[in-house]
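Everything below concerns the one structure shown next.
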Amino acid sequence: MTTSHGTLLTRASRAVVHVEQWVCSALIVTFGILLIINVILRYAFNSPLFFAEELGVYILIWMAFMAISIGIHHDSHVRLTMLTGVMPDPLRAACYWISELICLAILAVLLKYSLDWVTSPAVAFDMAITLGWDKWIFYLIIPLFSATSLLHITARLTDRSCHAFPLGVQED
């Protein structure tokens, strides 16, 4: 039963990461096109898009948070492994579980507080200056990132096919 539960979470995590990768790809293309158009309009016609810089910043923020979530899915973030590399396997595994559980706790707290913040009256009336859009739309990336990262870590921890502890692997 646990195996099928882990498999279900793993499949859900894979599906979510495919969507995240697609959205990141679409955002980078949009960002590139926006910048090219803005440069052409600025220097060829002396009339830049007045909203391009603000929208570009929000696109980069969304891409950064999604890329972090994708990295969490692939368990590919940089780690300091000098200490865990010399530990015996059981202690190394314990350190891995402790660090993953701490990440889960931090992400759960971030999810709760970011949802409270995005739905607060202070954000409800906040507008993007040049775009004229509600800022809560852009702020949604924080609870979205928290939720998808929670899913990715939970799926990894419940996947029974991952027995080897990834830290401290010596390369020859």
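The values are calculated or read from the model by the stated rules, or taken from the named source; none is laboratory data. This structure is a prediction, so every number in the text was calculated from the model and none was measured. Glycine also receives a Cβ, built like all others from the backbone with ideal geometry; neighbour counts cover every protein chain displayed. Note: areas computed on protein heavy atoms with side chains; ligands, DNA, RNA excluded. Shrake-Rupley method; radii C 1.70, N 1.55, O 1.52, S 1.80 Å.
About its Cα centre, the chain has a charge dipole of approximately 220 debye under the convention of +1 per Lys or Arg Cβ and -1 per Asp or Glu Cβ, with nothing else charged.
Per DSSP H run of n ≥ 4, the term is -39500 (n - 2.57); total these for the chain, divide by its residue number, and report the mean residue ellipticity at 222 nm rounded to 500 deg cm²/dmol.
Details: 6 runs with 122 residues, N = 172.
Mean residue ellipticity at 222 nm (helix-derived): -24500 deg cm²/dmol.
Taking other residues whose beta carbon is less than 15 angstrom from the beta carbon of HIS152, and scoring Lys, Arg as +1 and Asp, Glu as -1, yields -1.
Here the accessible area of the chain is 73 percent carbon and sulfur, with a 1.4 angstrom probe and all protein chains present.
Over the stretch 72-163, with the other protein chains present, what is the accessible area per residue in square angstrom, probe 1.4 angstrom?
62 Å²
Treating each Cα of the stretch 57-156 as an identical point scatterer and summing with the Debye formula, the log10 of I(q)/I(0) at q = 0.10, 0.12, 0.17, 0.19 Å⁻¹ comes to -0.38, -0.51, -0.84, -0.96. Treating the angle as unsigned and between 0 and 90°, give the value, to the nearest 10°, between the Cα long axis of helix 141-158 and the longest Cα principal axis of the chain. Rounded to the nearest ten degrees, it is 20. The order of LEU80, LEU60 by accessible area, most exposed first and with a 1.4 Å probe, is LEU80, LEU60.
Helix 89-118 axis versus longest C-alpha principal axis of the chain: approximately 30°, rounded to the nearest ten. For the chain, the longest principal axis of the C-alpha atoms and the axis of helix 2-44 are separated by about 30°. Across LEU111, LEU83, LEU35, mean-square fluctuation computed from a Gaussian network of the chain (C-alpha pairs under 10 Å connected) peaks at LEU83. Ranking of TRP133, TRP62 by solvent-accessible surface, largest first: TRP133, TRP62 (1.4 Å probe, protein heavy atoms only, all chains present). For the stretch 31-172, averaging the sequence separation of C-alpha pairs within contact (under 8 Å, six or more residues apart) and dividing by the residue count gives a relative contact order of 31 percent.
So which trypsin sites (Lys or Arg not before Pro) in the stretch 1-106 pass both tests, a DSSP loop state and at most 15 other Cβ atoms within 10 Å of the Cβ? Each step should come with its number before you reach the end.
Working: sites: ARG11, ARG14, ARG42, ARG79, ARG92; in loops: ARG79.
When the trypsin sites (Lys or Arg not before Pro) of the stretch 1-106 are filtered for loop state and at most 15 Cβ neighbours within 10 Å, ARG79 remain.
Pairwise Cα separations in the chain fall into 5 Å bins from 0 onward with the following percentages, short to long: 1, 8, 12, 15, 15, 14, 11, 8, 6, 5, 3, 1, 0, 0.
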